[in-house]
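Trainee: I have a structure I would like to understand better, so I am pasting it below and will then ask my questions one at a time.
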């Protein structure tokens, strides 16, 4: 599977650890940076992840900042991206199963490497269940005026 990874300066170390680990598992990794601890603006990296997914350059995405919140918000501005901020494996699996999430956001200041790996494993191994969940995912892409009575 081709997996895009991004991070801001707070998440670069965790991103790099995950990239190496994913490569060991024979995943194709698209590392979009950042690659240093120099301060950068997290919205840019959330947007870059979403763009990679929207353009088909990756099947799944992982983005990392200090809390995971900022990059998730930024990534979700792109309607082609459904990014869930997760901190434990059950949320990561449910994001795939029920929300058809194609990306997860991790908080490097909140979880360690092993928990991050457990989240990524749960995310990558879960499948979208479809069914009643598909209707709800379709509503996510609809303008708010169309969701009102759905």
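Trainee: Condition (residue is at pLDDT 95 or above and surrounded by 12 or more Cβ atoms within 10 Å (Cβ to Cβ)) applied to the stretch 126-140: is it met by at least one residue?
Mentor: yes
Trainee: Among the residues of the stretch 91-107, which ones are in contact with a strand residue (DSSP E or B) (Cβ under 8 Å, 6 or more places away or on another chain) and within 27 Å of residue 9 (Cα to Cα)? Before you say what the answer is, go through the steps one by one.
Mentor: Restricting attention to the stretch 91-107, the residues satisfying the condition of being in contact with a strand residue (DSSP E or B) (Cβ under 8 Å, 6 or more places away or on another chain) are 91-92, 95, 99, 101-107.
Scanning the stretch 91-107 gives 91, 92, 95, 101, 102, 103, 104, 105, 106, 107.
Trainee: Moving on to the next point. Residues being surrounded by fewer than 17 Cβ atoms within 10 Å (Cβ to Cβ) and in a strand (DSSP E or B): count how many of those fall in the stretch 1-29.
Mentor: Going through the stretch 1-29 one residue at a time, the tally reaches 2.
Trainee: Shifting gears a bit: Going by the structure shown, is residue 113 more than 27 Å from residue 136 (Cβ to Cβ), without any contact (Cβ under 8 Å) to a residue 60 or more places away in the chain and surrounded by fewer than 19 Cβ atoms within 10 Å (Cβ to Cβ)? Break it down into steps so the answer makes sense when it comes.
Mentor: Numbers: more than 27 Å from residue 136 (Cβ to Cβ): yes; without any contact (Cβ under 8 Å) to a residue 60 or more places away in the chain: no; surrounded by fewer than 19 Cβ atoms within 10 Å (Cβ to Cβ): yes.
When the stated conditions are applied, residue 113 does not pass them.
Trainee: Name the residues in the stretch 48-75 that are closer than 24 Å to residue 113 by Cα and either out of contact with any strand residue (DSSP E or B) (no Cβ under 9 Å at 6 or more places or on another chain) or without any contact (Cβ under 8 Å) to a residue 40 or more places away in the chain (or both), would you?
Mentor: Result: 69, 72, 73, 74, 75.
The values are calculated or read from the model by the stated rules, or taken from the named source; none is laboratory data. If you're wondering where the values come from, they're calculated on a predicted model, not measured in any experiment. Neighbour counts run over all protein chains shown; Cβ positions are idealised from the backbone, glycine included.
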